[in-house]
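Novice: What follows is a single structure, and I will ask about it in a moment.
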Amino acid sequence: MKPDSTSAALNLSRKIRAIFWLVLGIFLMGLTPSKNPQTQVNAELLVTPVALKKIPIDQKVIIDTRPKLKFILGHIPGAINLSNWKEFTAKKDGIKGLLIDDKNFISETLAALGLNPNLHIIIYGDPGDLWRTDGRFFWMFERYGFTRVSLLDGGLKAWEHSGGAVENGFQRKRKYSKIDPETVQLNSETIADKYLIKKALHDKNFVLIDNRTQQEYQGATPYGSARGGHIPNAKHIHWPDFFKENGALKSEADLAQLLHKSGIHPNQEIIVYCTGGVRSAMAYFVFRYLGFKVRNYDGSWWDWSNDSKLPIETSG
């Protein structure tokens, strides 16, 4: 019996489709950072509203970084309000916005808020915030040695959309949590300074990423920097490019394509910066989520531009 030509054609079509999907899958794997053990996605750093509801109350603290008025008008039940990142900074050698690393200050301030490193800290902010301070607080807690810190994907709107309850009014008082200053373990792998960056300028194992606007990257100084421009050879990725319009993080595939387009490779150590280490802290979170080794330069452009001996560029 002769083979049915229609059946043969269908079989051939199936084989072609199978080959197509196989090739596409291999291609996408090549773009996705999770192919490399060094860039395995840290999924626990990004908490969905559904996952947040499942975490026992006594094991978590929810932190709302939006302005106080927005917090009063509505927030996740039990959340505490940390809206001013500047309260954890000091001016040093003429540079403002540097994170305080005094262990007595850290222990006293966080203990008064009822926080301790044994708790799971879940942070959310305002997706419309031009500086996204929730990222700054994420980085701050990691710098202060907290090992279980996450961001709530999509913030309060995503929480409400999932059916989560919202309460208004001032935050509830939390029980004082004792923290011994001697137990504070500052994480030196989270932070960069200008001395490290000077060495990194000539080291291919490092890549510098400027997370400010394109205008700032090319020389605009809307926040009073001493000089305009960017650190030589720094790549430019404006931090909102990591997120969807609703404030949720883009998919792993979209993020992988963005990094691939920018020439960023999994085996490189990332140093992010902006003006004062706030916007770049959100980029720090994204790279941490994607599994990269990353540091935030909290002095950022305020620090670098203030030192006339350090080189700058304005092209790009």
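Here, each number is a calculation from the coordinates, and none is a lab measurement. Values in this document were obtained by computation on a predicted structure and should not be read as measured data. All Cβ positions, glycine included, derive from the backbone under ideal geometry; neighbour counts span all protein chains shown.
Novice: State the percent of C-alpha pairs, over all pairs in segment 189-306, separated by a distance greater than 25 angstrom.
Specialist: Of all Cα-Cα distances in segment 189-306, 16 percent exceed 25 Å.
Novice: Relative to the first principal axis of the alpha-carbon coordinates of the chain, what is the inclination of helix 252-261, with its axis defined by its Cα atoms, in degrees from 0 to 90 and to the nearest 10?
Specialist: The angle comes out at about 90 degrees.
Novice: Which whole-number percentage describes the relative contact order of segment 43-183, with Cα contacts under 8 Å and a sequence gap of 6 or more?
Specialist: Relative CO of segment 43-183 lands at 37 percent.
Novice: So, R0 is 35 Å and r is the distance between the beta-carbons of Arg227 and Glu189; what FRET efficiency does that work out to, to 0.05? Show your work: numbers first, answer last.
Specialist: On the way: r = 29 Å, r/R0 = 0.83.
My answer for the efficiency is 0.75.
Novice: Suppose we keep just the DSSP beta bridges with both residues in the chain; what percent of those would be antiparallel, to 5? Write out the running numbers ahead of the final one.
Specialist: Values: 6 of 30 bridges.
Antiparallel: roughly 20 percent of the beta bridges in the chain.
Novice: Another question, if that's okay. Taking the structure as given and computing mean projected area of the Cα convex hull in nm², which label from (1) 23.7; (2) 21.8; (3) 17.6 fits?
Specialist: (2)
Novice: Oh, and also: For a Förster distance of 51 Å, can you work out the FRET efficiency between the beta-carbons of Lys261 and Tyr176, rounded to the nearest 0.05?
Specialist: 0.55
Novice: With no solvent and one equal point scatterer placed on each C-alpha of segment 78-176, evaluate the Debye formula and give log10 I(q)/I(0) for q = 0.10, 0.11, 0.21 Å⁻¹, two decimals.
Specialist: Here log10 of I(q) over I(0) equals -0.31, -0.37, -1.28.
Novice: Nearest 20 debye, what's the magnitude of the dipole of segment 189-306 about its Cα centre given +1 on Lys and Arg Cβ and -1 on Asp and Glu Cβ? Please list the in-between numbers first.
Specialist: Details: 14 positive and 12 negative charges, 39 e Å.
For this selection, approximately 180 debye.
Novice: Order 99-108, 53-62 from most to least packed using the mean count of other Cβ atoms within 10 Å.
Specialist: Ranking, from highest mean packing down: 99-108, 53-62.
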